[in-house]
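The values are calculated or read from the model by the stated rules, or taken from the named source; none is laboratory data. None of these values were measured; they are calculated from a predicted model. Backbone-built Cβ (ideal geometry, glycine too); neighbour counts: all protein chains shown.
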Amino acid sequence: MITEQYDVVVAGAGGMGSAALYHLARRGVRVCAVERFGIAHDRGSSHGDTRIIRKAYMEHPDYVPLLHRAYALWDELEAEGAGELFARVGLLVAGDPNAEAMQGQAACYQEHDLPHEELDAAAIAERYPSLAFPEEWSGFYDPLGGFLRVEDCVRRHVALAQKHGAKLYTGEVMLSWRREGEGVVVETERRRLLAARLVLATGAWAVPELCRLGVAACAVRKVLLWYQGRGVEQYARGAFPCFFIADGEQYFYGFPAEAPWGLKLAEHNVSHDPVADPLQLNRALTDGDQSCVLDFIARFFPALQPELSKYAVCMYSLTPDKNFVLDIHPECPAVVLGAGFSGHGFKFSPVVGEILAELALEGDTQHPIEFLRLSRFAQRRS
Ligand SMILES: Cc1cc2nc3c(=O)[nH]c(=O)nc-3n(C[C@H](O)[C@H](O)[C@H](O)COP(=O)(O)OP(=O)(O)OC[C@H]3O[C@@H](n4cnc5c(N)ncnc54)[C@H](O)[C@@H]3O)c2cc1C
C-alpha cells in the first residue's frame, strides 16, 4: 500500500467537495480529493443538468449573506473558463400567499433589500399567459434568480483545482478515517493518506455520520423529469423563467424549456422515499414518480401536452431543520464536516467550498455560519 502525505484530504468530489478542493488548492496547500465514482457522475446529488439559484431565501434569511458571496464566486468561476455556468433567466416564485414558502419569501424581502417585483394573479397571467393560476394566488419575480449548469460547475471547480496543483483520485473509495496525533489517516483501497486535515463532503454517504453525531438526518430519493410535447415552446428560455410554485404546502419547481430535453420539472417536498444505502438507490422510473408532476402540469401549465423525454434520480440529504451542517467535527478537530444540504445546497457550493477551506486551515471562518453549526441540535435536545 502506498503512503502519501497531504495538508488536506477532501473525501467526495461532488458539488461541495469539488468546491472545497478548488478553494484549498488556490490557497497553495497540498490537497487531494478521493472520489468513489468519476467527476460529475450521476449517482449522488449533483447531477441532472441544472440547479436553481436565487438570492431571496424563503428557507431562512440568514442564508442571504452567504448568497452574496456565492454570487461573487460564481461570477469569478464563470470568468475563469469558457461556457455558461449561470443562466441568468430570472425566477418566478408564486402560489398560495398563505403557504410557508410564500411567507418566507415575503419575510426575506422585509429583512434584506433585494430587487423583486410583487405580482398578483392577473399580473402573472398577463406576463406568462401559458400559466393558469388561481385568482387568489400571488407571486414575486426575482430578477437575480436563474439556474446553474450543475455538472459543468463541478467540472470547472475540479479543473481549476488541478490547475492549482490539487491531486484527484477517482474511482477510489475512502474506506475509513481515524485520528492520529493532531491529524488524520485516511485509507482507500489503494493508499494510506496522512493529512493534517480531512474535509468530509460525502453527500448522502455522510448521513450515517450525522446520525452517529445525534443529528436525525436521512437521505431521500428524488426524481427529475423533462418534458417535450405540443406547446412546450410557450415555456421556452427567453420567454419563460425558472419557477418555484407553492401549491398549498406542496412545492414544485422547474426550468424554462431548452433543447434537447424541453421543460424540466420536479416536486420538492411531496415524495419522501428514504434511501437506506445510497449505493442501492433505485435509479429506475417507477409508476408513481410522475403522477403529481403530471397533475401539476395539467392544472397550471395547460398549454403543454407533456411527453416525457428524460428523467434522473437523485438524493436529498435532509437534516431535521432542513439547514446545512458546516462545522468542525466535535470528536476530532482535524475533521471538517460539510453535509446535510437538504435539497437546496448547490447554489452555495462555492461559498461552502470557501468555508470548508477556512475551517480546515484556520479552524474558523469569516462567514456567518452559526445557524449551520452542529450545536444547534444539541441546544434543541437539552
Ligand atoms: C433532485 C435534486 C434537485 C436539487 N435542486 C437544487 C436546486 O435547484 N438548487 C440548489 O441549490 N440545490 C439543489 N439541490 C441540492 C444540491 O444539488 C445538493 O445540496 C448538492 O449537490 C449536494 O452536494 P454534495 O457535495 O453534498 O453531494 P454529492 O454531489 O453527492 O457529493 C458527494 C460525493 O461524495 C462521494 N463519496 C461518498 N462517499 C465516498 C467515499 N467513502 N469515498 C469517496 N467518495 C465518496 C460521492 O460519490 C459523491 O460524488 C438539489 C438536489 C437534488 C437531489
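Being near the ligand (Cβ under 6 Å from one of its atoms) and either in contact with a His (Cβ under 8 Å, 6 or more places away or on another chain) or of a type in the set (Asp, Glu) (or both) is the filter here; which residues of the stretch 15-40 pass it? Selection gives 35 alone.
Could you check the stretch 160-172 and list, in sequence order, the residues that are within 11 Å of the ligand (Cβ to nearest atom) and surrounded by 16 or more Cβ atoms within 10 Å (Cβ to Cβ)? Answer for the stretch 160-172, where residues must be within 11 Å of the ligand (Cβ to nearest atom) and surrounded by 16 or more Cβ atoms within 10 Å (Cβ to Cβ): 169, 172. When residue 206 is tested against (1) in contact with a Gly (Cβ under 8 Å, 6 or more places away or on another chain); (2) part of a strand (DSSP E or B), just one condition goes unmet, and that condition is (2).
Going through the stretch 188-205 one residue at a time, which ones are surrounded by 16 or more Cβ atoms within 10 Å (Cβ to Cβ) and within 11 Å of the ligand (Cβ to nearest atom)? Residues satisfying the conditions are 188, 199, 200, 201, 202, 203, 204, 205. Looking across the stretch 3-31, the residues that are over 22 Å from residue 314 (Cβ atoms) and either within 19 Å of the chain's Cα centre (by Cα) or surrounded by fewer than 24 Cβ atoms within 10 Å (Cβ to Cβ) (or both) come down to 3, 4, 5, 6, 7, 22, 23, 26, 27, 28, 29, 30.
Can you pull out the residues in the stretch 139-159 that are buried (at least 21 other Cβ atoms within 10 Å of the Cβ) and over 20 Å from residue 344 (Cβ atoms)? Those that are buried (at least 21 other Cβ atoms within 10 Å of the Cβ) and over 20 Å from residue 344 (Cβ atoms): 156, 158. I'm checking my understanding of the structure. Among residues of the stretch 322-377 that are hydroxyl-bearing (Ser, Thr, Tyr) and more than 14 Å from the ligand (Cβ to nearest atom), which one is nearest to residue 273 (Cα to Cα)? By that ranking, first place goes to 375. Only residues that are under 22 Å from residue 94 (Cβ atoms), in contact (Cβ under 8 Å) with a residue 60 or more places away in the chain and not in a loop (DSSP other than H, G, I, E, B) were counted across the stretch 215-261, and they come to 20. In summary, helices (runs of 4 or more DSSP H) completely within the stretch 98-185 and bearing 1 or more residues that are among the hydroxyl-bearing types (Ser, Thr, Tyr) occur at 100-111.
Considering the conditions (1) surrounded by fewer than 16 Cβ atoms within 10 Å (Cβ to Cβ); (2) over 22 Å from residue 340 (Cα atoms); (3) not assigned by TED's automatic domain parsing to the domain that holds residue 136, residue 208 is excluded by exactly one of them, (2).
Condition check for residue 123 on (1) under 30 Å from residue 222 (Cα atoms); (2) of a type in the set (A, V, I, L, M); (3) away from the ligand (no atom under 16 Å from the Cβ): one failure, at (1). Pairing residues of the stretch 1-25 that are part of a strand (DSSP E or B) with residues that are more than 8 Å from the ligand (Cβ to nearest atom) and among the acidic types (Asp, Glu), at Cβ distances under 9 Å and at least 6 apart in sequence or on separate chains, gives no pairs at all.
Listed conditions (1) surrounded by 23 or more Cβ atoms within 10 Å (Cβ to Cβ); (2) assigned by TED's automatic domain parsing to the domain that holds residue 294; (3) within 13 Å of the ligand (Cβ to nearest atom) are all met by residue 227, apart from (3). Checked against the criterion of being surrounded by fewer than 21 Cβ atoms within 10 Å (Cβ to Cβ), in contact (Cβ under 8 Å) with a residue 12 or more places away in the chain, within 23 Å of residue 370 (Cα to Cα) and outside the structural domain of residue 101 (by TED's automatic domain parsing), the candidates 54, 69 yield just one match: 69. Within the stretch 57-69, identify whether any single residue is touching a Gly at 6+ places or on another chain (Cβ under 6 Å) and within 9 Å of the ligand (Cβ to nearest atom), and answer yes or no. Checking the stretch 57-69: not a single residue is touching a Gly at 6+ places or on another chain (Cβ under 6 Å) and within 9 Å of the ligand (Cβ to nearest atom). Taking every residue in the stretch 348-359 that is more than 20 Å from residue 60 (Cα to Cα) and pairing it with any residue that is of a type in the set (Val, Ile, Thr) and within 12 Å of the ligand (Cβ to nearest atom), at least 6 positions away or on another chain, the pairs with Cβ-Cβ distances below 9 Å are 356/10; 356/199; 357/199; 359/199.
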